[in-house]
1. Test Glu54 against the criterion of being in contact with a Leu (Cβ under 7 Å, 6 or more places away or on another chain) and either in a loop (DSSP other than H, G, I, E, B) or not polar (S, T, N, Q) (or both), and give yes or no.
2. Within the set of pairs 6+ apart or on separate chains, which have a first residue in segment 17-35 that is in a loop (DSSP other than H, G, I, E, B), a second that is open to solvent by less than 60 Å² (accessible area, probe 1.4 Å) and among the small types (Gly, Ala, Ser), and C-beta atoms under 7 Å apart?
3. Any residue at all in segment 10-21 that's over 13 Å from the mean Cα position of the chain (by Cα), within 19 Å of Thr102 (Cα to Cα) and of a type in the set (Gly, Ala, Ser)?
4. Any residue at all in segment 29-47 that is touching a Phe, Trp or Tyr at 6+ places or on another chain (Cβ under 7 Å), farther than 23 Å from Val95 by Cβ and not polar (S, T, N, Q)?
5. Thr47 is checked against (1) of a type in the set (S, T, N, Q); (2) modelled with pLDDT under 90; (3) open to solvent by less than 60 Å² (accessible area, probe 1.4 Å) and fails just one. What number does that condition carry?
6. Go through segment 69-83 and count every residue that is open to solvent by 80 Å² or more (accessible area, probe 1.4 Å) and either out of contact with any strand residue (DSSP E or B) (no Cβ under 6 Å at 6 or more places or on another chain) or touching a residue at least 60 places away in the same chain (Cβ under 8 Å) (or both).
7. When you look at Ser93, is it of a type outside the set (A, V, I, L, M), over 14 Å from the mean Cα position of the chain (by Cα) and surrounded by 11 or more Cβ atoms within 10 Å (Cβ to Cβ), yes or no?
8. Hey, among Ala86, Ala66, which residue is assigned to a loop (DSSP other than H, G, I, E, B), surrounded by 10 or more Cβ atoms within 10 Å (Cβ to Cβ) and small (Gly, Ala, Ser)?
Amino acid sequence: MILSNQEIQQRAVAQPALISPFIASNVRLSSYDLTIGEEIYSGKNGTSSTVHTETLQPRQAFTIPAHGVCFILSEETITLPHDITAKVSLRMSLVYRGLILTSQ
């Protein structure tokens, strides 16, 4: 079953909350746009196994190096009940810019 935007909003404010913190403007027709958290972990693939931690300010832009890897934590905590699963994917605009989601 795919949750509608109304069901997402209802479950987000119920207890236990589906999404916390919940931002109503991030709800789409049948999805929720997660936001980037306070830290990212990135490195350049193939040259080193070192991953650098970067602390971000709210809405701060960052660059992922070419052929690099980046682990991004979401600001939100998602609490899924036993009868719901979730899918994580990239916006197509990010895919068109060359990003690939390799694990969830």
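The values are calculated or read from the model by the stated rules, or taken from the named source; none is laboratory data. These figures come from a predicted structure and were not determined experimentally. Heads up, the Cβs are rebuilt from the backbone with ideal geometry, glycines too, and the neighbour counts pull from every protein chain shown. Note: areas computed on protein heavy atoms with side chains; ligands, DNA, RNA excluded. Shrake-Rupley method; radii C 1.70, N 1.55, O 1.52, S 1.80 Å.
1. Numbers: in contact with a Leu (Cβ under 7 Å, 6 or more places away or on another chain): no; either in a loop (DSSP other than H, G, I, E, B) or not polar (S, T, N, Q) (or both): yes.
Against the criterion (in contact with a Leu (Cβ under 7 Å, 6 or more places away or on another chain) and either in a loop (DSSP other than H, G, I, E, B) or not polar (S, T, N, Q) (or both)), Glu54 does not qualify.
2. Pairs found: Leu18/Ala12; Phe22/Ala12; Ser30/Ser4; Leu34/Ser74; Thr35/Ser74.
3. Scanning segment 10-21, I find no residue that is over 13 Å from the mean Cα position of the chain (by Cα), within 19 Å of Thr102 (Cα to Cα) and of a type in the set (Gly, Ala, Ser), so the answer is no.
4. Quick first cut of segment 29-47, residues touching a Phe, Trp or Tyr at 6+ places or on another chain (Cβ under 7 Å) only: 40-41.
With the extra rule that they be farther than 23 Å from Val95 by Cβ, the set shrinks to none.
No; the residues of segment 29-47 include none that is touching a Phe, Trp or Tyr at 6+ places or on another chain (Cβ under 7 Å), farther than 23 Å from Val95 by Cβ and not polar (S, T, N, Q).
5. (3)
6. 2
7. Values: of a type outside the set (A, V, I, L, M): yes; over 14 Å from the mean Cα position of the chain (by Cα): yes; surrounded by 11 or more Cβ atoms within 10 Å (Cβ to Cβ): no.
When the stated conditions are applied, Ser93 does not pass them.
8. Details: Ala66 fails: surrounded by 10 or more Cβ atoms within 10 Å (Cβ to Cβ).
After applying the criteria, what remains is Ala86.
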